[in-house]
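Shown next, in structure tokens, is the structure this report addresses.
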């Protein structure tokens, strides 16, 4: 497994944990242990990286065609 695949698995677990309720209310204040929006954004990025690795493309090095 690649680093991106390993991280993706961790982010999927984190997202599930957040959805199960990592927030608590203290009086009129809400304490959240993790930010679901940020976790989901990073998960989507990791899914793209894993997909590009699977297709043989490098996420870091891509060639652009400026010949037109």
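Please treat every number below as a calculation from the coordinates, not as lab data. On a predicted model such as this, the values are computed, not experimentally measured, just so you know. Don't worry about glycine lacking a Cβ; one is built from the backbone with ideal geometry, like all the others, and counts go over all protein chains shown.
Computed FRET efficiency, Cβ-Cβ of residue 68 and residue 45, R0 30 Å: what is it to the nearest 0.05? If you can, show how the numbers build up before the last one.
Details: r = 29 Å, r/R0 = 0.97.
The formula returns an efficiency of 0.55 here.
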Quiz item: Which whole-percent values make up P(r) of the chain when all C-alpha to C-alpha distances are grouped in 10 Å steps starting at zero?
Solution: 18, 34, 23, 14, 7, 2, 0
Quiz prompt | Between helix 3-19 and the chain: long-axis angle, C-alpha atoms, 0 to 90°, nearest 10 | solution = 30 degrees
Quiz prompt | Inter-site label distance for residue 5 and residue 35 at 7 Å from Cα along Cβ, in nm | solution = 3.0 nm
Quiz item: Against the longest principal axis of the chain, how steep is helix 36-54, in degrees 0 to 90 to the nearest 10, with axes from Cα atoms?
Solution: 30 degrees
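Which whole-number percentage describes the relative contact order of the chain, with Cα contacts under 8 Å and a sequence gap of 6 or more?
Working: 38 pairs, mean separation 21.6, N = 68.
Relative contact order comes out at 32 percent.
Ignoring everything except DSSP H segments at least 4 long, calculate the 222 nm mean residue ellipticity for the chain; use -39,500 (n - 2.57) per segment, divide by total residues, nearest 500.
On the way: 2 runs with 36 residues, N = 68.
Helix-only estimate at 222 nm: -18000 deg cm²/dmol.
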